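Written below as structure tokens is the structure these notes are about.
Nothing in this text is a laboratory measurement; each read-out follows from the coordinates by a stated rule. Computed from a prediction, not measured in an experiment: that's the story for all the values here. Here the Cβ is made from the backbone with ideal geometry for all residues, glycine too, and neighbour counts use every protein chain on show.
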Amino acid sequence: MKQLAEGVHQLRGWPANAINVYLVEDVLIDAATRQGEKRIMRQIAGRKLNAHALTHAHPDHQGASHAICERLGIPLWCGQGDVPAMETPGGVRNSQAPGWLNWLQQRYWTGPPHPVARALVEGDEVAGFTVLESPGHSRGQVAYWRESDRVLILGDVLNNMNVMTGIPGLHEPPEIFTPDPARNRQSARRLAELRPSLTCFGHGAPLRDPGKLADFVASLPS
């Protein structure tokens, strides 16, 4: 894994930066797809983890959550609005728009439901980061913000690659995966105003240019 900031590591994946998982101190942030269990467990072997937290309960973020929590005996945390999706059989599927892409994700990526031990809300603390509610891409998506060094983990509020082609660059998440694009843009504007020195995405390489992030967000439709 690669260290991005003090206590913040990005796990390796293939293709690189495609579906990101982060280790923040003793908390694992996101868990890729159902097929991600082995690569995640291999990279965190020998480390003491105390919790697993999600940015949001979509198939490419919660896929291995149940398996990892069971194997390590650690609690699962996620945004309050995503608790029903994470805990209910078929909940992840029901939170997504109909369509063949979402059907494929449900078929091959989605992990089983798992009890949520802690429903995260605005202002909660996770491994030295503050929880910021950032809905739109999912009902309960949250971001994690550390003001001391201005590090932001924002899930899929924005992507730093085209998730369909893999080409690098800032993008909004595709509307087929985003129930409320207008609300997601509101979340993006709020996070860009923080001027993060390091932004970590669910998809795409980390970004160390707050001006680039701000300019992209300013170009979005109102």
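A few remarks follow.
- Karplus (6.51, -1.76, 1.60) ³J(HN,Hα), θ = phi - 60°, over segment 51-58, in Hz, Gly and Pro reported as x: 6, 10, 10, 9, 7, 6, 9, 9
- Vicinal HN-Hα couplings computed from phi for segment 148-164 (Karplus, 6.51 cos²θ - 1.76 cosθ + 1.60; Hz; Gly/Pro x): 4, 10, 6, 9, 10, 10, 10, x, 10, 4, 9, 10, 9, 6, 6, 6, 8
- Prolate/oblate/rounded call for segment 130-189, Cα gyration tensor, a/c under 1.5 rounded: oblate
- Count Lys and Arg as plus one, Asp and Glu as minus one, and take only other residues whose Cβ is under 11 Å from that of His61; the net charge is then -4.
- Among beta bridges identified by DSSP and lying wholly in segment 2-218, the antiparallel ones come to about 65 percent.
- Placed amide H near Leu4: partners under 5 Å, 5+ positions off or other chain: His9, Gln10
- When peptides 142-153, 40-51 are sorted by average Cβ neighbour count within 10 Å, with the highest value leading, the order is 142-153, 40-51.
- Distant-in-sequence amide contacts of Leu120, defined by a placed amide H-H separation under 5 Å and a gap of 5 or more residues or a different chain, comprise Cys78, Gly79, Gln80.
- Rounded FRET efficiency, nearest 0.05, which uses the C-beta distance separating Lys2 from Met41 and R0 of 25 Å: 0.90
- Cα-based reach from Lys2 at 18 Å (exclusive), listing lysines while leaving out same-chain residues under 8 positions away: Lys38, Lys48
- Summary of packing: across the peptides 117-128, 185-196, the per-residue average of other C-beta atoms within 10 Å ranks them, highest first, as 185-196, 117-128.
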